[in-house]
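The values are calculated or read from the model by the stated rules, or taken from the named source; none is laboratory data. Keep in mind that this is a model prediction, so the values were computed, not measured. Glycine also receives a Cβ, built like all others from the backbone with ideal geometry; neighbour counts cover every protein chain displayed. These area figures cover heavy atoms from the full protein model, side chains too; ligands, DNA and RNA do not enter into them. Shrake-Rupley method; radii C 1.70, N 1.55, O 1.52, S 1.80 Å.
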Amino acid sequence: MDPTDGEAEPVEALDRPLPERVRHRVVLLAADAFSSLTVAELPATLRQYARFTPSRRVKFGGSSMAAALESDTAFRQRVAARLREAEPELAEAVEQGSPPPAADPVEVAAAAFVLRPPGWSKLVAAAGEEAQRVQDERAERERELELTRLREELAQLRSAARTEGDRLRGELEAARKETDAVHRKLRSAVADVRRGEAAVRKLRAELDETRAEAASARAAADGEARRLRSRLTQAESALEASRKSVREGRGIEDMRLRLLLDTVLDAAQGLRRELALPPARLKPAQTVEAVEPGGMTPQDIAHRALAEDDPALLDQLLALPQAHLVVDGYNVTKTGYPTLPLEKQRLRLLGGLAVLAAQTGAEMTCVFDGAELAAPVLVSPPRGVRVLFSKPGETADELIRQLVRAEPRGRPVMVVSADREVADGVAAAGARPVASALLVKRLARA
């Protein structure tokens, strides 16, 4: 049949959409027909797929080809001619209205849709229903297979659960035995603790008894000391009387009194040697708290008349013997010149610290935060300035606290930072916190 003869076709239509499998087979027939058609013979909407392989035509132009088969009679007739050439027996049987019983319902429905013989819609519907029935049967078989598989998996899981339950029960029994053993050890430890507490109470009683005996001995010693002081007072009185007698020129009585006095003094010296009394080392003036000359500390300087933002305050602190200035680098640079790049901030700060170190002779340590650095920073420390970066996972604040704790108590250590938490922490460790703005002013003056 000539696809362009323009014969009128019976007006038939489907009352429902093509089954998905039939639609896919129709699209495959259309894609296969491209090889026997020229570009001019293709509908305008399908010419873009002319150079595609059949599989890519189905993937990207399936919807367009299905629509063209439905709306473009000439294109459908060309596809039908191609089908008659490829499968003449199936095409002839479908056109005669007696498809082979053994034929695939999907193939029959697709051929009927393309060839459009009289009664083609019924053939499509019947083949679609047969295809749906076959698909339902296949799905039913798949469901039964899936159900069988799931039952087997359930049986395996139940078996595994029983095995796991037996194993867990065994572990539970072992844990119970271990718990009983731990309880026995705990009861033994509690008994040992109670025995220890009893021993401690006994030792405390003995200690209290010993303290009572020591207090009694101390009371006896105090009584003896009072008796000796009384005798000493009597001896001093006798000495004074003897001196008075000497001054008055008493003869033999003065000599007797002197002899008695010597006797008492010798007795007192013998008693001192017998008691082994040490000489008095503590002087009363040593018990009075005061500030000795030259004992000024960074805390003393903080209470002088200079204001907290006066750069002269920093000069006084650095003038202390063995002063050490620890600087929170980025905290100072962000305060003084935050608009510069980080490298120029570091260079400017280190240059100012080098000048300050040369002027004061104080030890300088500048700490930068290196916790998030991907690679080491190349910095040449200037003369008189120690440059440190914190390790990965450690902040500059933590490194500053370590530096302060490493210094001996009493050495003048000043920490420059605007961070209140850092200032409180170093102050508790004995260092003197200094505001970052104060150092910026001092470096600007230098």
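In this structure, the pairs whose alpha-carbon distance is over 26 Å, taken from 59/122; 344/391; 344/441, are 59/122. Taking Cβ atoms as reference points and 13 Å as the exclusive limit, the residues near residue 340 contribute a net charge of +3, counting Lys and Arg as +1 and Asp and Glu as -1. Under 5 Å from the amide H of residue 416 lie the amide H atoms of 326, 327, 328, 434, each residue being 5 or more positions distant or on a separate chain, with H modelled from the backbone and absent for Pro and chain starts. Spatially, the range 312-369 and the range 76-130 are offset by 95 Å when compared through their Cα centroids.
Reducing the range 403-442 and the range 146-174 to their Cα centroids gives an inter-centroid distance of 67 Å. Relative to its residue count, the range 146-224 spans a Cα convex hull of 86 Å³ per residue.
Note down the net charge around residue 48, summing +1 for each Lys or Arg and -1 for each Asp or Glu among other residues with Cβ under 13 Å from its Cβ.
Computed value for this residue: +4.
Short to long, the 10 Å bins of the Cα pair-distance histogram for the range 349-446 hold 15, 44, 37, 4 percent of all pairs.
A cut-off of 5 Å between modelled amide H atoms, ignoring neighbours fewer than 5 places along the same chain, links residue 386 with 364, 365, 366. Accessible-area rank, largest first, for 308, 153: 308, 153, with all protein chains present and a 1.4 angstrom probe. Summing Cβ point charges (Lys, Arg +1; Asp, Glu -1) relative to the Cα centre of the range 332-416 gives a dipole of roughly 260 debye.
For residue 244, no lysines have a Cα falling under 29 Å of its own Cα, not counting residues fewer than eight places away in the same chain. Note on residue 197: accessible area is roughly 90 Å² with a 1.4 Å probe, heavy atoms of protein only. For trypsin sites (Lys or Arg not before Pro), the sites in the range 39-105 that DSSP calls loop and that have at most 15 other Cβ atoms within 10 Å are 51.
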